[in-house]
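Structure, as structure tokens:
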Amino acid sequence: MKSNKGFSLVELVIVIAIMAILVGLMAPNLVRYIEKTKVSHDVQFADSIKRAVELAMSDPDVFNSESYVRPVSNEMGVCVAYAGDAFSDAVYETLGLNSYAEVLGNLRSKDCTAIMIQIDPDTDKVSVQINGSHADAMGGSSPIIVK
């Protein structure tokens with residue numbers, strides 16, 4: 001009598017087919033989870049930006065009333081952190097970055113187009129908004145806003 005110690009071709013094909021079905025079912029969830037982690041990273045980064053701005057605002061040597069008035073537009077968006085002034089330098093130093101382009105480079109979600117920092121001159125409250133394609137709970141797209 002002949003002893004077979006391996007798998008037959010049919011058994012291997014069945015196992016491969018089952019694995020392909022499982023991968024096909026799990027792949028969309030994996031992609032969704034990866035995008036959620038990217039959005040979560042961006043929310044935390046927006047909070048870091050907010051805290052860096054608040055820290056810069058607390059230093060009277062780098063923050064004054066002129067900082068409210070001079071938002072700068074550039075090809076990437078609008079930001080109150082200006083190139084070359086003490087306020088933006090303090091914000092960038094706190095974040096460990098050198099420029100607005102590096103700040104945008106730290107975002108993980110797809111199609112991030114701008115970071116807007118708004119400071120309310122009456123209450124000194126800071127809000128940070130990241131515009132781009134961030135999936136929300138309803139399956140749509142909305143900006144990340146940290147107040």
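The values are calculated or read from the model by the stated rules, or taken from the named source; none is laboratory data. On a predicted model such as this, the values are computed, not experimentally measured, just so you know. Methodologically, a virtual Cβ is constructed for each residue, glycine included, from the backbone with ideal geometry; neighbour enumeration extends over all protein chains shown. The area values use the complete protein model at the heavy-atom level, side chains included, leaving out ligands, DNA and RNA. Shrake-Rupley method; radii C 1.70, N 1.55, O 1.52, S 1.80 Å.
Can you name every residue in segment 25-66 that is open to solvent by less than 50 Å² (accessible area, probe 1.4 Å) and either of a type in the set (Gly, Ala, Ser) or not in a helix (DSSP H, G or I) (or both)?
Answer for segment 25-66, where residues must be open to solvent by less than 50 Å² (accessible area, probe 1.4 Å) and either of a type in the set (Gly, Ala, Ser) or not in a helix (DSSP H, G or I) (or both): ALA27, ALA46, ALA52, ALA56, VAL62, PHE63.
Hey, can you tell me all the residues within segment 5-57 that are within 25 Å of CYS112 (Cα to Cα) and basic (Lys, Arg)?
Hits for segment 5-57 are ARG32, LYS36, LYS38, LYS50, ARG51.
A quick yes/no check of all residues on (1) aliphatic (A, V, I, L, M); (2) over 22 Å from ASN131 (Cβ atoms); (3) in contact with a His (Cβ under 7 Å, 6 or more places away or on another chain); (4) modelled with pLDDT of 85 or more:
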site	(1), (2), (3), (4)
LYS2	no, yes, no, no
MET19	yes, yes, no, yes
LYS38	no, no, no, yes
ASP47	no, no, no, yes
ARG70	no, no, no, no
SER88	no, no, no, no
